[in-house]
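Below is one structure, written out as structure tokens, with a few remarks after it.
The values are calculated or read from the model by the stated rules, or taken from the named source; none is laboratory data. Predicted, not measured: the structure shown is a model, and the values here were computed from it. In this analysis, Cβ positions are derived from the backbone assuming ideal geometry, glycine residues included, and neighbour counts consider all displayed protein chains. Remember, those area values only see protein heavy atoms, side chains included, never the ligands or the DNA or RNA. Shrake-Rupley method; radii C 1.70, N 1.55, O 1.52, S 1.80 Å.
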Amino acid sequence: MASITRSGSRKAVRAAAAGTLALATAIALSACGTAPWDQSQFNTSSATASPTARPTAAPTITPVVNELASGSARHTLQAGDIALTLDYYSTLSMDQWTAEANKPLTFSLTGALGTDDGQSFYLSRVTLTPGVDGPLGSLPAPAPLTDQASVPPGYYIKSPYSYSQTFILPALDPAATSITVSFTYEILLQTAPGSGDYAKQTATDQLTIAIAQAE
């Protein structure tokens with residue numbers, strides 16, 4: 001009985017010693033890791049990424065076109081086989097082209113045939129259609145202006161002869177910054193020299209003019 005008791009005591013001692021060793025190992029391993037207060041999720045002093053500020057785009061400023069800035073403008077158009085030369089100008093200086101003023105616009109045209117067998121050609125009708133723009137877009141525009149030839153078949157415009165006309169553009173919306181004038185030229189061309197038959201040709205053109213702003 002005595003040997004059995006001593007053997008049991010030795011086993012108990014060894015078991016206790018093994019438990020103590022395991023506990024010490026666990027503590028040692030825990031000591032080798034990062035302490036909770038040193039971990040980033042618990043460290044309030046760690047750097048926090050700040051959102052990157054987006055650059056603000058600079059506003060785009062579109063200059064107002066003025067084709068009469070030099071006093072006049074010359075355009076060339078093609079109406080079928082007819083080459084047209086147009087000159088635009090105003091008897092009113094550009095600093096007087098204000099929204100409230102009546103604005104005279106003068107134009108003249110003459111033409112030449114590419115294949116000239118002696119036919120004549122005539123301007124039967126010209127129509128001017130205004131379009132008005134302001135800082136925020138389109139504005140109300142005046143009614144179209146028209147010159148219908150008073151003689152048949154029209155006004156003779158074969159070079160060296162020409163057609164001239166002045167249209168008066170009325171007062172515009174006070175917010176107007178520019179006016180774009182669209183022209184439609186309707187031309188009758190003889191099918192043969194001396195013939196009473198005509199072919200109709202049409203040419204279109206545009207002219208943009210700045211409106212002077214009050215200082």
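Per-residue answers, yes or no, for (1) modelled with pLDDT of 95 or more; (2) touching a Pro at 6+ places or on another chain (Cβ under 8 Å); (3) more than 25 Å from G71 (Cα to Cα):
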position: V126; (1), (2), (3): yes, no, no
position: P153; (1), (2), (3): yes, no, yes
position: S159; (1), (2), (3): yes, no, no
position: T166; (1), (2), (3): yes, yes, no
position: P170; (1), (2), (3): yes, yes, no
position: T177; (1), (2), (3): yes, yes, no
position: Y185; (1), (2), (3): yes, no, no
position: L189; (1), (2), (3): yes, no, yes
position: T204; (1), (2), (3): yes, no, no
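Can V65 be described as at pLDDT below 95 and either surrounded by fewer than 16 Cβ atoms within 10 Å (Cβ to Cβ) or on the phi < 0 side of the Ramachandran plot (or both)? Lay out the reasoning, then the answer.
On the way: at pLDDT below 95: yes; either surrounded by fewer than 16 Cβ atoms within 10 Å (Cβ to Cβ) or on the phi < 0 side of the Ramachandran plot (or both): yes.
Judged against the criteria, V65 is a match.
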>> Pairs needed: first member in the range 136-149, modelled with pLDDT of 95 or more; second member anywhere, of a type in the set (F, W, Y); C-beta distance under 6 Å; at least 6 residues apart or different chains.
In response: L145/F167; A149/Y155
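Listed here are the residues, each with its yes/no results for (1) among the aromatic types (F, W, Y); (2) part of a strand (DSSP E or B); (3) out of contact with any helix residue (DSSP H, G or I) (no Cβ under 6 Å at 6 or more places or on another chain).
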position: S124; (1), (2), (3): no, yes, yes
position: P153; (1), (2), (3): no, no, yes
position: I168; (1), (2), (3): no, yes, yes
position: Y185; (1), (2), (3): yes, yes, yes
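Hey, among D133, D87, D116, which residue is without any contact (Cβ under 8 Å) to a residue 40 or more places away in the chain and part of a strand (DSSP E or B)? Don't jump to the end; show me each part of the working.
Numbers: D133 fails: without any contact (Cβ under 8 Å) to a residue 40 or more places away in the chain; D116 fails: part of a strand (DSSP E or B).
Exactly one residue qualifies, and that residue is D87.
I need the full set of residues from the range 100-124 which are open to solvent by 10 Å² or more (accessible area, probe 1.4 Å) and farther than 19 Å from G154 by Cβ, in order please.
Step one: list which residues in the range 100-124 are open to solvent by 10 Å² or more (accessible area, probe 1.4 Å), which gives 100-102, 104, 106, 108, 110, 112-120, 122, 124.
Answer for the range 100-124, where residues must be open to solvent by 10 Å² or more (accessible area, probe 1.4 Å) and farther than 19 Å from G154 by Cβ: E100, A101, N102, P104, T106, G114, T115, D117.
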>> For the range 125-146: of the residues being surrounded by 15 or more Cβ atoms within 10 Å (Cβ to Cβ) and of a type in the set (A, V, I, L, M, F, W, C), which is farthest from I179 (Cα to Cα)?
In response: V126
> Counting only residues that are surrounded by 16 or more Cβ atoms within 10 Å (Cβ to Cβ) and more than 16 Å from L92 (Cβ to Cβ), how many does the range 179-215 have?
Replying inline: 13
>> The conditions are (1) of a type in the set (A, V, I, L, M); (2) under 13 Å from T127 (Cα atoms); (3) open to solvent by 60 Å² or more (accessible area, probe 1.4 Å), and V151 fails exactly one of them. Which is it?
In response: (2)
